[in-house]
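Here is the structure we will look at, set down as structure tokens.
Values quoted throughout were computed directly from the atomic coordinates according to the rules given, and no laboratory measurement underlies them. A quick note: this is a predicted structure, and the numbers were derived from the prediction, not measured. Don't worry about glycine lacking a Cβ; one is built from the backbone with ideal geometry, like all the others, and counts go over all protein chains shown.
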Amino acid sequence: MLVTGATGTLGRDLVAVLKERGHDVRGLSRSKPGYAHADLTTGEGLAEALRGVDVVVHAATDGRRDVAAAEKLIEALETAEHKPQLVFVSIVGVDRIPLGYYRDKVTIEGMVAAYGGTSLRASQFHDLVLTLAKAMTKLPLVGFYPAFDLRPVEVHDVAVRLAEIVEGDLPARPADFSGPERRGARDLWRAYLGKAGKRRLLVPVRLPGKMFRALRAGAGTGPGGGTGTWEQYLSRTL
Ligand SMILES: NC(=O)c1ccc[n+]([C@@H]2O[C@H](COP(=O)([O-])OP(=O)(O)OC[C@H]3O[C@@H](n4cnc5c(N)ncnc54)[C@H](OP(=O)(O)O)[C@@H]3O)[C@@H](O)[C@H]2O)c1
């Protein structure tokens with residue numbers, strides 16, 4: 001089995017989970033020591049990295065050239081010895097939230113489906129939500145929160161779900177996967193500030209446009225499935 005994006009937030013956890021569950025797995029990175037090396041954007045090293053691989057979990061992203069990278073990956077899979085299974089990690093609400101990165105995800109999901117692969121949509125990882133919360137409460141006295149709901153998920157729960165999918169019958173579109181609680185950004189930021197021992201006056205920013213309307217309607221929240229909570233993550237991380 002091969003995991004792309006193996007040095008990333010999800011990939012690191014996923015490789016560990018798959019190994020724990022007894023899979024013969026290697027991780028892919030462009031350059032980090034100890035990994036199979038390939039660059040998905042150029043395709044360099046891919047054929048070699050795919051040798052003997054039966055399943056690829058595609059969790060690499062550079063945020064800009066992901067469609068080109070998926071094209072290269074699928075091209076290489078088509079010509080690989082045993083036409084490996086493909087599992088792609090997408091995001092909840094990509095078809096409802098008009099954002100360039102999300103449009104790319106929809107395009108890649110289509111390519112993955114045409115190949116006969118699987119796309120799992122997950123909601124925002126706790127790690128990303130913490131980055132957002134820190135950025136928006138950076139000023140000494142005041143912080144800002146967008147008026148929308150999230151349902152952040154523990155990255156380890158996503159890794160375990162992906163392992164279950166790989167071990168199962170690989171449906172084209174398994175149920176979306178998100179965290180246990182749908183919560184407003186204000187509530188998430190307040191929990192962060194509390195755990196971090198910081199005081200801020202929280203001011204709402206109501207951002208205009210279709211994208212924020214979709215986010216306010218909860219388009220990115222998903223149905224749940226994960227068990228790790230925001231508070232548990234904060235206690236462990238801060
Ligand atoms: N973060 C979230 O909240 C979230 C939520 C839902 C779904 N997702 C999806 O889950 C997946 C993983 O996200 P993440 O946050 O774990 O990503 P990440 O931490 O940004 O890691 C992405 C990895 O991709 C690799 N990469 C980038 N460009 C590459 C290229 N051209 N060739 C080969 N490898 C390349 C990098 O590894 P090297 O630098 O070692 O090459 C990097 O470690 C993504 O598809 C993302 O859209 C993320």
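Brief remarks follow.
- Nearest-0.05 FRET efficiency for Thr9 and Lys195, computed from C-beta distance (R0 30 Å): 0.95
- 5 angstrom amide H check on Arg121, placed H, neighbours 5+ away: Ser90, Phe177
- Treating each Cα of the range 12-90 as one equal point scatterer and applying the Debye formula with no solvent, the log10 of I(q)/I(0) at q = 0.12, 0.20, 0.23 Å⁻¹ comes out as -0.32, -0.93, -1.24.
- The range 2-237 - percent relative contact order, Cα under 8 Å, separation 6 or more: 20 percent
- Computed [θ] at 222 nm, deg cm²/dmol, the chain (DSSP H ≥ 4; -39,500 (n - 2.57); rounded to nearest 500): -12500 deg cm²/dmol
- Helix 126-136 and the long axis of the chain differ in direction by around 40°, with both axes built from C-alpha atoms.
- Remark: the chain carries a charge dipole of roughly 1600 debye about the Cα centre, counting +1 on each Lys and Arg Cβ and -1 on each Asp and Glu Cβ.
- Expressed as a fraction of 2.2 N^0.38 Å, the value expected for a compact globular protein of N residues, the C-alpha radius of gyration of the chain is 1.05.
- Gap separating the Cα centres of the range 78-117 and the range 183-238, nearest whole Å: 27 Å
- Extreme residue, positive dipole direction of the range 103-238, given options Ala175, Gln232, Phe144 (C-beta unit charges): Phe144
- Relative to the dominant Cα principal axis of the chain, helix 9-20 is inclined by about 50°.
- Across Lys138/Lys195; Lys32/Lys72; Lys134/Lys195; Lys19/Lys134, pairs whose alpha-carbon gap is larger than 24 Å: Lys19/Lys134
- Temperature 37 °C, viscosity 0.692 mPa s: under these conditions the Stokes-Einstein estimate for the range 133-218, based on its Kirkwood radius over C-alpha pairs, is 218 µm² per second.
- With viscosity 1.306 mPa s and temperature 10 °C, the Kirkwood radius over alpha carbon pairs of the range 66-125 converts through Stokes-Einstein to a diffusion coefficient of 133 µm²/s.
- Rounded to the nearest whole Hz, the Karplus-based 3J(HN,Hα) values (6.51 cos²θ - 1.76 cosθ + 1.60, θ = phi - 60°) of the range 209-216 follow the sequence x, 4, 4, 6, 5, 5, 5, 5, with x at glycine and proline.
- Under the Karplus curve 6.51 cos²θ - 1.76 cosθ + 1.60, θ = phi - 60°, whole-Hz ³J(HN,Hα) for the range 92-100, x wherever Gly or Pro sits: 4, x, 4, 8, 10, 10, x, 9, x
- The range 97-183: trypsin sites (Lys or Arg not before Pro) in DSSP loop, at most 12 other beta carbons within 10 Å: Lys138
- Lys/Arg +1, Asp/Glu -1 at C-beta; the range 2-237 dipole; positive extreme among Gly197, Leu128, Pro223: Gly197
- Under 5 Å, built H, 5+ apart or other chain: amide partners of Gly228: Glu154
- FRET efficiency for the pair Thr131 and Arg64, taken as 1/(1 + (r/R0)^6) with r the Cβ-Cβ distance and R0 = 22 Å, rounds to 0.75.
- The 3J(HN,Hα) values that the Karplus relation (6.51, -1.76, 1.60; θ = phi - 60°) gives for the range 68-73 are, in residue order, 4, 5, 5, 4, 4, 4 Hz. Gly and Pro appear as x.
- Cut-off 11 Å between beta-carbons: net charge of the residues surrounding Asp149, Lys and Arg +1, Asp and Glu -1: +3
- For Leu141 and Phe212, the FRET efficiency from 1/(1 + (r/R0)^6), where r spans their Cβ atoms and R0 equals 22 Å, is about 0.30.
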